[in-house]
Amino acid sequence: MIKNYLKVAWRNLERGKAHTFINVAGLSVGLACSLLIMLWVQDERSVDGFHANEKQLYQIYERNTYDGKVDAAYNTQGLLADELKRRIPEVQYASGLEQNHPFTFEAGNKIIKMDGTYAGADFFRMFSYPLLQGTPETALNAPPGITISRKMAESFFGSAEKVIGKTIRVENKDNLLVTAVFENLPANSSLQFDFLRSWKAYVAENGWVNNWGSTSPATYVQLRADADPDKVAVKIKDFINLYKPETNSAYTDLLLQPFSEKYLHSTFKNGQVDGGRIAYVNLFSIVAIFILLIAAINFMNLSTARSIKRAKEVGVRKVIGAVRQAIMGQFICEAVLLTFISMLIAIVLVLMLLPQFNNLTGKHLLIPIDQPVFWITLLGLLALTSLIAGSYPAFLLSSLNPVKILKGRLKFSAGAAFFRKGLVVFQFTLSVILIIGTIVIYRQMQYVQTKNLGYDRESLLYIPLEGDLINKFDLFKQEAENMPGVQAISKMKESPTVIGHSNGDISWTGKDPSLTTSFADATVGYDFVKTMKIELRDGRDFSKEFADSSNYLVNETAAKKIGYKNPVGQPLSWGSNKGKIIGVLKDFHFNSMHEAIEPLVIRLSEQQKWGTILVRIEPGETRQVIDRLEKICKDINPEFTFSYQFSDQEFAKLYNSEQVVSKLSNYFAFLAIFISCMGLLGLAMFTAEQRIKEIGIRKVLGASAVSLFSLLSSEFLLLVAIALVIASPIAWYATSKWLQSFAYHTAVEWWIFALSGGLVILIAMATVSFQAVKAALVNPVKSLRGE
């Protein structure tokens with residue numbers, strides 16, 4: 001029986017080639033989109049899920065309450081990990097981890113930059129990063145030691161074997177002994193680094209670590225297998241107050257978050273974990289379902305559009321004894337065959353598009369053909385799509401009365417017509433939501449890229465402060481400033497794009513002793529304000545004409561928090577360093593626009609051992625200046641490869657996820673409209689088939705082609721208008737909620753809905769116009785004869 005079903009199904013597909021092509025095209029595109037999104041979602045959900053101790057691994061985050069507000073962050077104290085392990089019995093292992101930084105290494109005659117950081121001695125006991133050489137117990141114990149990746153070992157020593165004990169020089173100042181080699185980190189690890197150095201070395205190089213009011217690194221803990229996380233959470237809640245006294249106005253809580261959840265849930269709202277990348281995972285999961293539904297709805301509408309031509313076939317089958325189940329089986333079989341063909345084409349499309357998709361998303365996705373789960377998922381998708389797409393046509397056509405069919409009095413019920421139109425409204429509702437969402441996301445990205453940050457990021461160059469540039473910075477600055485095309489030069493311990501360090505040890509005259517506040521802090525060189533082109537609201541920049549080593553610059557937000565009426569010249573202390581405020585800077589953005597501008601205190605230090613050189617270049621002179629700077633760096637710092645980064649490139653990295661979402665939204669919105677219009681074409685074909693004799697009579701009675709076109713098109717225009725009315729409030733709510741994740745964002749304006757509506761109406765009318773014109777121009781004699 002199934003063999004006969006397949007034969008008949010294939011013949012019908014061949015007979016209606018146009019219908020088959022449209023159906024296959026819609027389903028193929030829909031399935032291909034769904035498969036790509038499925039691969040991306042699976043990859044996102046797999047991040048950090050490979051650690052053997054996954055259930056016991058947690059990241060510490062701090063919730064700070066001060067000045068009547070609550071916030072939270074992953075930045076913690078540098079000594080926290082060791083103290084938690086020492087004082088909390090349930091903590092089996094603990095490790096700090098600083099943010100990645102590029103370091104220059106030298107071994108033999110090779111000089112290469114590698115990204116890495118510092119980690120605690122327990123790190124490799126906690127995380128499942130396999131060691132090729134060395135042991136987890138000793139890998140990060142010694143300050144002069146370094147643990148390197150297979151990639152780094154092969155780059156410097158030719159292979160990952162027998163490199164234990166070999167020497168590698170870092171930043172042309174310290175010789176480190178290789179204590180272990182770890183396997184290259186998998187792509188689905190949220191932590192990525194080429195090397196790790198011991199935490200003892202980090203503490204030795206960063207004196208601020210001993211101040212419990214300063215935060216920067218992350219802290220991870222592994223609980224004992226028999227530990228109750230809820231009880232541990234209660235124990236550590238007030239842990240910081242043992243070292244940083246609690247006051248009535250400010251206190252800090254420590255909280256636990258499962259490490260495997262952090263990648264997808266990493267944003268905070270009112271001091272609680274509230275979303276993150278999971279929002280995009282959920283969003284595109286829904287988009288995949290919607291696009292698949294749109295494609296399935298097309299199948300329904302296009303199959304219904306051909307129902308009149310298939311009606312007599314059904315009538316004859318019923319007259320000669322075919323039962324309803326057999327007829328339904330025939331149409332379901334056709335749906336399965338068509339979906340199977342579409343699935344094969346979709347897989348080919350995915351293989352073709354995967355390299356571009358990987359470039360777009362920054363992933364390394366592959367079709368997991370060696371995993372049975374993938375094929376089971378495909379079969380499930382095939383069955384589900386076939387059932388959704390084929391069920392309605394099968395049910396509708398198998399229910400037809402054979403007597404009415406053979407007498408030529410076939411007429412579908414009002415309910416069936418309402419259902420078909422409802423499907424089109426549903427399709428266009430989803431499409432309009434996607435279009436509005438795409439426009440809002442694009443506008444926000446444009447807003448972010450064009451908003452005045454408070455400093456000029458155009459023609460601003462970042463050069464790493466490393467090697468001999470550290471001690472010879474003054475020489476570099478002198479030579480570079482004399483070059484044509486260079487406007488100003490300064491330096492900074494971090495970079496203006498992201499200032500991640502904060503300090504709670506800031507005090508001033510009149511400060512409430514019970515008040516604990518947190519200030520972002522930065523260390524800079526001379527000419528910082530001039531180089532950054534930041535507006536000075538009051539006072540002056542650091543100057544060699546004054547003894548400014550203990551003086552400070554503050555931004556407007558910090559000045560408001562401090563509360564001085566005229567802050568310039570007023571005393572301010574950073575820990576034990578007492579000085580005064582010499583300038584107030586206009587607020588500028590030094591973090592992502594997801595975050596509000598924090599109070600910032602800036603101090604002068606010409607002795608910093610690492611950081612970023614800031615070079616302001618005259619417009620139009622970029623290429624020439626870079627060539628000249630490279631020559632100077634090679635003369636002064638010959639052991640290091642010259643490298644640089646533009647400020648706007650660094651700024652764009654803050655919004656990588658949003659940029660990916662924006663681009664994907666563009667493609668998905670286009671595909672949704674494309675597939676929806678094919679469904680609309682199906683309904684137009686159906687309507688023309690149903691009203692062919694009516695059109696003939698109207699033409700005989702004198703109706704013009706224009707009036708007939710209007711008659712056939714107005715119905716579809718109404719459906720699209722209904723979709724707009726339904727979609728607009730949904731899109732407004734969804735986009736407004738997304739924009740709230742930015743502290744600074746654009747508005748959802750009325751013209752966005754008008755533009756989206758006009759665009760959809762134009763596309764819809766262009767889609768149905770061909771069929772409407774064709775029906776309006778047909779010879780009425782042929783229409784009345786039923787030809």
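The values are calculated or read from the model by the stated rules, or taken from the named source; none is laboratory data. Quantities reported herein were computed from a predicted structural model and do not represent experimental measurements. So basically every Cβ, Gly included, is an ideal-geometry build from the backbone, and we count neighbours across all protein chains shown. All accessible areas refer to the heavy atoms of the entire protein, side chains included, with ligands and DNA or RNA removed. Shrake-Rupley method; radii C 1.70, N 1.55, O 1.52, S 1.80 Å.
With the requirement that a residue be open to solvent by 80 Å² or more (accessible area, probe 1.4 Å) and among the polar types (S, T, N, Q), what does the range 239-266 give you?
Passing the criteria: only ASN248.
Considering only the range 204-238, how many residues are surrounded by 14 or more Cβ atoms within 10 Å (Cβ to Cβ), modelled with pLDDT under 90 and either in a loop (DSSP other than H, G, I, E, B) or not charged (D, E, K, R) (or both)?
9
From the list VAL181, VAL170, which residue is over 23 Å from ASN206 (Cβ atoms), surrounded by 15 or more Cβ atoms within 10 Å (Cβ to Cβ) and aliphatic (A, V, I, L, M)?
Numbers: VAL170 fails: over 23 Å from ASN206 (Cβ atoms).
Answer to the check: VAL181.
Return only the number of the condition from (1) open to solvent by less than 40 Å² (accessible area, probe 1.4 Å); (2) in contact with a Gly (Cβ under 8 Å, 6 or more places away or on another chain) that ILE164 does not satisfy.
(1)
Does the range 482-489 contain any residue that is within 21 Å of ARG623 (Cβ to Cβ), β-branched (Val, Ile, Thr), in contact (Cβ under 8 Å) with a residue 40 or more places away in the chain and open to solvent by 10 Å² or more (accessible area, probe 1.4 Å)?
Yes - at least one qualifying residue is present in the range 482-489.
Within the range 42-49, does at least one residue satisfy the condition of being assigned to a helix (DSSP H, G or I), touching a Lys or Arg at 6+ places or on another chain (Cβ under 7 Å) and either open to solvent by less than 60 Å² (accessible area, probe 1.4 Å) or farther than 30 Å from ILE278 by Cα (or both)?
The answer is yes, given that some residue of the range 42-49 is assigned to a helix (DSSP H, G or I), touching a Lys or Arg at 6+ places or on another chain (Cβ under 7 Å) and either open to solvent by less than 60 Å² (accessible area, probe 1.4 Å) or farther than 30 Å from ILE278 by Cα (or both).
Only one residue in LEU453, LEU460 is within 30 Å of GLU630 (Cβ to Cβ) and modelled with pLDDT of 85 or more. Which one?
Matching residue, one of LEU453, LEU460: LEU460.
Just one of (1) open to solvent by less than 10 Å² (accessible area, probe 1.4 Å); (2) of a type outside the set (Gly, Ala, Ser); (3) closer than 22 Å to TRP610 by Cβ; (4) more than 34 Å from the chain's Cα centre (by Cα) trips up ILE506, so point out which.
Looking at each condition in turn, ILE506 falls short on (3).
Can you tell me which residue among ILE112, ILE146, ILE88, ILE60 is among the hydrophobic types (A, V, I, L, M, F, W, C) and over 33 Å from the mean Cα position of the chain (by Cα)? Let's see the steps before the verdict.
On the way: ILE112 fails: over 33 Å from the mean Cα position of the chain (by Cα); ILE146 fails: over 33 Å from the mean Cα position of the chain (by Cα); ILE60 fails: over 33 Å from the mean Cα position of the chain (by Cα).
One residue alone meets the criteria, ILE88.
So which of LEU176, LEU196 is touching a Pro at 6+ places or on another chain (Cβ under 8 Å), of a type in the set (A, V, I, L, M, F, W, C) and assigned to a strand (DSSP E or B)?
Result: LEU176 is the single residue among LEU176, LEU196 that is touching a Pro at 6+ places or on another chain (Cβ under 8 Å), of a type in the set (A, V, I, L, M, F, W, C) and assigned to a strand (DSSP E or B).
Give the range 123-146 a look and list any residue that's open to solvent by less than 10 Å² (accessible area, probe 1.4 Å), in contact (Cβ under 8 Å) with a residue 60 or more places away in the chain and either of a type outside the set (Phe, Trp, Tyr) or in a helix (DSSP H, G or I) (or both), or say none.
PHE123, MET126
Select from the range 361-394 the residues that are more than 20 Å from THR339 (Cβ to Cβ) and crowded, with 16+ Cβ neighbours inside 10 Å and list them in ascending order.
THR361, LYS363, LEU365, listed by residue number.
Determine whether PHE709 is at pLDDT 65 or above, closer than 18 Å to PHE418 by Cβ, part of a helix (DSSP H, G or I) and of a type in the set (Phe, Trp, Tyr).
no
Within the range 600-638, how many residues are over 34 Å from the mean Cα position of the chain (by Cα) and of a type in the set (Gly, Ala, Ser)?
1
Among the residues of the range 267-322, which ones are over 27 Å from ALA346 (Cβ atoms), open to solvent by less than 40 Å² (accessible area, probe 1.4 Å) and modelled with pLDDT of 70 or more?
GLY271, GLY275, GLY276
Can you tell me which residue among ILE506, ILE499, ILE489, ILE534 is out of contact with any Lys or Arg (no Cβ under 6 Å at 6 or more places or on another chain), modelled with pLDDT of 85 or more and not aromatic (Phe, Trp, Tyr)? Quick ask: steps written out before the conclusion?
Values: ILE506 fails: modelled with pLDDT of 85 or more; ILE499 fails: modelled with pLDDT of 85 or more; ILE489 fails: out of contact with any Lys or Arg (no Cβ under 6 Å at 6 or more places or on another chain).
Within the list ILE506, ILE499, ILE489, ILE534, the selection yields ILE534.
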